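Structure first, then comments.
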Amino acid sequence: MKTGLIMAAMAAFMLVASGAAQAGGDAAAGMALAKKCAGCHGKNGEGKKDNPAIAGMEESAFIQDMADYKSGKKEHKAMMGAAKKLSDEDFANLAAYYASLK
């Protein structure tokens with residue numbers, strides 16, 4: 001019984017660790033890409049009008065949202081168009097940049 005719990009805990013840790021490794025983008029590269037996002041989300045990701053703040057957003061949540069817009073799972077005309085022009089690496093870089101902001 002104890003062995004099963006230890007194995008389950010190790011498996012859960014490995015899943016979390018592998019997710020964190022995938023998210024590790026380049027914040028400097030993300031900052032360059034973020035200029036295109038500023039018109040709707042603010043210069044520092046603070047949000048504007050009806051567009052949400054994305055500064056300080058968890059990297060994995062940002063990446064998932066962008067993937068959902070790209071696939072059409074989430075619908076928002078401007079975001080779907082923007083996401084389709086970006087690669088997974090771009091998503092990771094933007095996520096690292098916005099996560100670094102408070």
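Laboratory data are not the source of any read-out in this text; all were calculated from the coordinates shown. Since the model is a prediction, treat every value here as computed from it, not as a measurement. In this analysis, Cβ positions are derived from the backbone assuming ideal geometry, glycine residues included, and neighbour counts consider all displayed protein chains.
Listed values, structure above:
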read-out	value
Residues that are in contact with a Leu (Cβ under 8 Å, 6 or more places away or on another chain) and not in a loop (DSSP other than H, G, I, E, B), drawn from the range 45-67	F62, M66
Of all residues in the range 59-102 being touching a Lys or Arg at 6+ places or on another chain (Cβ under 6 Å) and surrounded by fewer than 18 Cβ atoms within 10 Å (Cβ to Cβ), the one that is farthest from A38 (Cα to Cα)	D68
Filtered residues of the range 61-102 (kept if out of contact with any Gly (no Cβ under 6 Å at 6 or more places or on another chain) and small (G, A, S))	A61, A67, S71, G72, A78, G81, A82, A83, S87, A99, S100
